[in-house]
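The values are calculated or read from the model by the stated rules, or taken from the named source; none is laboratory data. Predicted model only: the values in this text are computed from it and were never measured. A quick note on method: Cβ atoms are made from the backbone with ideal geometry, for glycine too, and the neighbour counts reach across all protein chains shown. The protein model used for the area step is the full one, side chains on, heavy atoms only, and it has no ligands, DNA or RNA in it. Shrake-Rupley method; radii C 1.70, N 1.55, O 1.52, S 1.80 Å.
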Amino acid sequence: MIVPLSKIKVRKDEDGVFIAKSALLPGCHAHGRDKGEAVLRFQEAAKAHLGALLESGRPIPPPFRDKFILAA
(Lines give C-alpha, C1' and ligand atoms only; values in the text may rest on other atoms or scores of the structure.)
Protein backbone atom coordinates (compact mmCIF):
# COMPACT_ATOMS: atom_id res chain seq x y z
CA MET A 1 0.00 0.00 0.00
CA ILE A 2 1.50 3.30 -1.10
CA VAL A 3 -0.88 5.71 0.67
CA PRO A 4 -2.42 4.81 4.05
CA LEU A 5 -6.16 4.24 3.74
CA SER A 6 -6.77 6.78 6.49
CA LYS A 7 -5.24 9.46 4.24
CA ILE A 8 -7.42 8.75 1.19
CA LYS A 9 -10.63 10.71 0.74
CA VAL A 10 -13.38 9.22 -1.42
CA ARG A 11 -16.44 11.07 -2.63
CA LYS A 12 -19.28 10.21 -4.96
CA ASP A 13 -19.85 12.69 -7.78
CA GLU A 14 -23.17 13.65 -9.34
CA ASP A 15 -22.82 10.88 -11.95
CA GLY A 16 -22.45 8.19 -9.27
CA VAL A 17 -18.72 7.72 -9.86
CA PHE A 18 -16.47 7.42 -6.80
CA ILE A 19 -13.36 9.63 -6.82
CA ALA A 20 -10.37 8.98 -4.55
CA LYS A 21 -7.61 11.46 -3.77
CA SER A 22 -5.20 12.37 -0.99
CA ALA A 23 -3.67 15.62 0.22
CA LEU A 24 -0.40 13.66 0.47
CA LEU A 25 -0.20 13.51 -3.35
CA PRO A 26 -1.60 16.69 -4.89
CA GLY A 27 -2.68 16.19 -8.48
CA CYS A 28 -3.14 12.45 -8.15
CA HIS A 29 -6.65 10.97 -8.20
CA ALA A 30 -8.57 7.96 -9.50
CA HIS A 31 -12.16 6.90 -9.97
CA GLY A 32 -14.14 3.70 -9.74
CA ARG A 33 -17.62 2.20 -9.80
CA ASP A 34 -17.52 1.80 -6.02
CA LYS A 35 -15.42 3.02 -3.12
CA GLY A 36 -13.15 -0.05 -3.09
CA GLU A 37 -12.38 0.18 -6.79
CA ALA A 38 -11.62 3.90 -6.50
CA VAL A 39 -9.19 3.26 -3.63
CA LEU A 40 -7.49 0.39 -5.46
CA ARG A 41 -7.09 2.48 -8.60
CA PHE A 42 -5.81 5.38 -6.50
CA GLN A 43 -3.09 3.17 -5.01
CA GLU A 44 -2.04 2.17 -8.54
CA ALA A 45 -2.12 5.81 -9.67
CA ALA A 46 -0.08 6.87 -6.62
CA LYS A 47 2.63 4.36 -7.48
CA ALA A 48 2.75 5.58 -11.09
CA HIS A 49 2.68 9.21 -9.96
CA LEU A 50 5.62 8.75 -7.59
CA GLY A 51 7.52 6.78 -10.22
CA ALA A 52 7.04 9.58 -12.74
CA LEU A 53 8.27 12.15 -10.22
CA LEU A 54 11.32 10.05 -9.46
CA GLU A 55 12.16 9.38 -13.11
CA SER A 56 11.80 13.04 -14.08
CA GLY A 57 13.92 14.25 -11.18
CA ARG A 58 11.09 16.22 -9.60
CA PRO A 59 10.86 16.22 -5.81
CA ILE A 60 9.09 13.39 -4.01
CA PRO A 61 6.52 14.70 -1.48
CA PRO A 62 7.88 14.58 2.11
CA PRO A 63 5.66 11.70 3.36
CA PHE A 64 7.20 9.40 0.73
CA ARG A 65 10.84 10.46 0.54
CA ASP A 66 12.20 7.77 2.84
CA LYS A 67 9.74 5.06 1.80
CA PHE A 68 9.54 5.10 -1.99
CA ILE A 69 12.13 3.28 -4.06
CA LEU A 70 11.61 2.62 -7.76
CA ALA A 71 12.60 -0.96 -8.54
CA ALA A 72 14.10 -1.63 -11.95
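Descriptive notes on the structure:
- Principal axis box of the chain, alpha-carbon based, largest edge first, Å: 37, 21, 18
- The longest part of the chain holding none of the exposed loop trypsin sites (Lys or Arg not before Pro), meaning those outside H, G, I, E and B in DSSP with at most 15 other Cβ atoms within 10 Å, is 1-32.
- Split the accessible area of the chain by element, probe 1.4 Å, and carbon with sulfur accounts for 56%.
- Note on Asp66: accessible area is roughly 150 Å² with a 1.4 Å probe, heavy atoms of protein only.
- Simple rule: put +1 on each Lys or Arg Cβ and -1 on each Asp or Glu Cβ in the chain, find the dipole, and look at Ala23, Val10, Ala38; the Cα lying farthest toward the positive end is Ala23.
- Degrees separating the helix 35-56 axis from the principal Cα axis of the chain, which is the longest one: 20
- Per residue value of the accessible surface for the chain (all protein chains in place, 1.4 Å probe), Å²: 71
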